[in-house]
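Heads up: the structure comes next, in structure tokens.
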Amino acid sequence: MKRTLIQFDEDTYHKLRHRAFEQGRSISSVARELVAKGLRSGKRKKLTRVDQLLSVGAGKSRQGRLSPVSERHDEALARISLAGLKK
């Protein structure tokens, strides 16, 4: 088995945690089961037209000193949180 890190939004995490509690299982085992089901669920429709990819580039932002944010997201969130506390 391989180890990985997944970050969930608060609502998803609470739903996952609740399901694990109801079933008397660990959050990890429930998450593994849901991912496996999602991967088995069949073929997805292949995107063939550019207009099907309208969300590409929609979230462009200036990353500044924290570039690339995809790798330094925790640091970026910590800075934003600290800035909010100072207000």
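Within the bounds of the range 23-34, is there any residue that is outside any helix (DSSP H, G or I), surrounded by 12 or more Cβ atoms within 10 Å (Cβ to Cβ) and under 17 Å from the mean Cα position of the chain (by Cα)? Give the derivation first.
Taking the range 23-34 first, the residues outside any helix (DSSP H, G or I) are 24-26.
Filter once more, keeping what is surrounded by 12 or more Cβ atoms within 10 Å (Cβ to Cβ): 25.
Subsequent filtering for residues that are under 17 Å from the mean Cα position of the chain (by Cα) retains none.
There is no residue in the range 23-34 that is outside any helix (DSSP H, G or I), surrounded by 12 or more Cβ atoms within 10 Å (Cβ to Cβ) and under 17 Å from the mean Cα position of the chain (by Cα).
How many residues does the range 1-22 contain that are surrounded by 10 or more Cβ atoms within 10 Å (Cβ to Cβ), closer than 25 Å to His73 by Cβ and of a type in the set (Lys, Arg)?
Of the residues in the range 1-22, 2 are surrounded by 10 or more Cβ atoms within 10 Å (Cβ to Cβ), closer than 25 Å to His73 by Cβ and of a type in the set (Lys, Arg).
List, please: which pairs have Cβ atoms under 7 Å, are six or more places apart or on different chains, and start with a residue in the range 67-80 that is surrounded by 12 or more Cβ atoms within 10 Å (Cβ to Cβ) and end with one that is assigned to a loop (DSSP other than H, G, I, E, B) and among the polar types (S, T, N, Q)?
Val69/Gln63
Quick note: the coordinates plus some simple rules give every number you see, no bench work behind them. The model shown is predicted, which means the values in this text are computed figures rather than measured ones. Cβ coordinates were reconstructed from backbone atoms using ideal geometry, including for glycine residues, and neighbour counts include every protein chain displayed.
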